[in-house]
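Visitor: One structure, as C-alpha cells, below. Some questions next.
The values are calculated or read from the model by the stated rules, or taken from the named source; none is laboratory data. Being a predicted model, the structure only gives us computed values, none of them experimental. Cβ coordinates were reconstructed from backbone atoms using ideal geometry, including for glycine residues, and neighbour counts include every protein chain displayed.
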Amino acid sequence: MDTSTSKGRNSEYKMLDEFKEQHIEEIQAIASTLVKITNLSESAVKPHLDAMLEQLVKSKQKPLFYETASAEEWIQALKDWSISHRRNTPLLSDYAVSRTAIYEDNEEI
C-alpha cells in the first residue's frame, strides 16, 4: 500500500521523463505541427504540450490507495498497520497522561 504522495510524484516525473525519451521524435513532430497550425513559437507551444503529456502519463498510472480503497480495504489496511507495531512498548502511567502532568509547567491555566 503506497499512500505517500511525494513518492508518487517522483515516480510520476520519472515516468514522464522516460516517456519523453522513448517518444522524442514523435513529440517533436507534434510540437512542430502545433507551431505550424497555431502560428505560435515553439517556446509558447512547449509548456502546453508538456502539461498535456503530464496529464496523459498521469492517467496511465495506478491510482493511489486512498483514491480507490473501499471501506473493507481501509479496515484491512488499518488492521495490517496496527499488527505491524511492537506489542511490548511500555504504556504511559495514568499520571503521565493526566491534566496535572500535561499542564504542570503552566500554573496559570
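Visitor: I'd like the full set of residues that are of a type in the set (Asp, Glu), modelled with pLDDT of 90 or more and within 30 Å of residue 16 (Cα to Cα), limited to segment 59-109.
Guide: Result: 73, single match.
Visitor: Pick from segment 50-98 the residues that are among the basic types (Lys, Arg) and in a helix (DSSP H, G or I): which of them is surrounded by the most Cβ atoms within 10 Å (Cβ to Cβ)?
Guide: 58
Visitor: Please enumerate the residues belonging to segment 13-43 that are modelled with pLDDT under 90 and either loosely packed, with under 13 Cβ neighbours inside 10 Å or outside any helix (DSSP H, G or I) (or both).
Guide: Result: 13, 14, 17, 18.
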